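Just so it is clear, none of the values below were taken in a lab; they were calculated from the coordinates. Keep in mind that this is a model prediction, so the values were computed, not measured. Every residue, glycine among them, receives a Cβ derived from its backbone with ideal geometry; neighbour counts consider all protein chains shown.
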Amino acid sequence: MSVEGPGSPSGPVSTLVTGVAELVTNDPERGQGPLGIVEDAALVVESGRVAWVGPAYQAPAADQRTHLGGRAVVPGFVDSHAHLVFAGDRAAEFEARMSGQPYDGGGIASTVASTRAATDQQLRAGLARLVAEMRRQGTTTVEVKSGYGLTVHDEVRSLRLAAEVTPETTYLGAHVVPREYVGRTDDYVALVTGEMLAACAPHARWVDVFCEPGAASAFDADAARAVLEAGARAGLGLRVHANQLGPGPGVRLAVELGAASADHCTHLCDADVDALAGGSTVATLLPSIEFSTRSPYPDAQRLLSAGITVALATDCNPGSGYSSSMPFCLALAVREMGMTTAQALWSATMGGARALRRDDIGHLAVGARADLAVLDAPSYRHLAYRPGVPLASTLEL
Ligand code: NIG
Ligand code: FE
């Protein structure tokens, strides 16, 4: 990659990006197919936005130029589900799972204990490390949840730290019932929907709940409804951890309440698929979790053929799946969930943007944020064709 030319002495500096063998715009009006592909492309970036996009031979002049030497450019990945504010390590739990132990969410308590014991500076450093790791792999937007504090103080602290790195912050006080409330779930839900919500809402855009009636420490449909309705009254958008460990009410509840996204969707019955098809809730699939918990993968084609919007995200967390890599998730979605590479790339970019109800990211039409991922490859197809190879990185302009 090379950068040349002086900046403009006054006014915003525009940058012409050339040497793009293949540009994925996700704008079907601008290029071929659903990904809106332009070959031998160029784009102009000004004030952090896409100012022009098209074939290189039509490119206008700009103040400076960046030449990518025949690489592919795709919209930066939108990772709409991650848990990055935590301390501690659960590698031993992962190893036990690989030798047959099931995942039931019980290990979350150990991360809660480590997180409560950590200083702000330790949590901030861990968060910064993971965000940098994501950026190095092409992610330009990440949603970050609380949920390893589970006291008023520790949930507010987690959200304040998350807000230092992203506007997409999610209050997950209803991650699990913490140890000190075991046997008193109603009291904990009252805290989550009362004092804790009031303290957290100013620092959050979203509220989320782990709706999994089969899991000892998670929440049933009534508790999840209470959490979501209280969050909505406090002005938060809704997201749900749904149908991860078994069939359940989470997906249908998410659709009924107009949640932006139902996440996991590992165990779906026909009524869940019908509900998603009839609503506006995105189905967010998290294949790194199936990988790291040795669970069956959901069938993405079943959702796509029903016309449901599908997003892909990492769910990066220290327990059920500790990958920060959107390219890894994309490759898994192609290999294990029946997606084409084009569908998986769309879901990892536009799908994530839809799951966050954002129209300024996930695509590269004129006016969009100039969030670019450059691939050290001539085509987006290499994202699945070359799994585990660090092809993607963000392009800072
Ligand atoms: O998305 N389902 C609950 N929460 C996380 C797991 C958190 C953990 O195991 O620490 C998830 O899989
Ligand atoms: Fe999660």
What's the exposure ranking of 99, 305, 261, going from fewest to most Cβ atoms within 10 Å?
99, 305, 261
Region 24-38 to region 146-221: how many Å between their Cα centroids?
40 Å
Based on the mean of other Cβ atoms within 10 Å per residue, sort peptides 365-371, 385-391, 136-142 so the most packed one is first.
136-142, 365-371, 385-391
So what is the calculated 222 nm ellipticity per residue for the chain, using -39500 (n - 2.57) for each DSSP H run with n of 4 or more, over all residues, to the nearest 500 deg cm²/dmol?
-9000 deg cm²/dmol
How much of the DSSP bridge set in the chain is antiparallel, in percent, rounded to the nearest 5?
45 percent
Towards the positive end of the charge dipole of the chain, with charges on Cβ (+1 Lys, Arg; -1 Asp, Glu), say which of 289, 34, 375 has the farthest Cα.
375
For region 183-285, what does the relative contact order come out to in percent, with C-alpha contacts under 8 Å and a separation of six or more?
22 percent
Over the Cα atoms of region 77-355, Rg to Rh with Kirkwood Rh, two decimal places?
0.93
From Cα pairs below 8 angstrom and at least 6 apart in sequence, can you work out the relative contact order of region 77-355, rounded to a whole percent?
19 percent
Given H placed 1.01 Å from N in the peptide plane, which residues other than close sequence neighbours of residue 372 have an amide H under 5 Å from its amide H?
76, 395
Given 289-299, 117-127, 145-155, the highest-first ranking by average Cβ count within 10 Å works out to 145-155, 289-299, 117-127
What ranking of 339, 326, 98 emerges when the number of other C-beta atoms within 10 Å of each C-beta is taken as an exposure proxy, fewest first?
98, 339, 326
Residues 193, 309 in order from fewest to most other beta-carbon atoms within 10 Å are 309, 193
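Placing +1 at every Lys and Arg Cβ and -1 at every Asp and Glu Cβ, with all other atoms neutral, what dipole size does the chain have around its Cα centre, in debye to the nearest 20?
460 debye
Once you sort the root eigenvalues of the Cα gyration tensor of region 277-378 as a ≥ b ≥ c, which label holds: rounded (a/c under 1.5), prolate (a/b larger than b/c) or oblate (the other case)?
Details: a/c = 1.61, a/b = 1.22, b/c = 1.31.
Oblate, since a/c reaches 1.5 and b/c is not below a/b.
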Quick query: amide H of residue 261 versus all other amide H atoms, modeled in the peptide plane; which residues come in under 5 Å with a sequence gap of 5 or more or a different chain?
240, 282
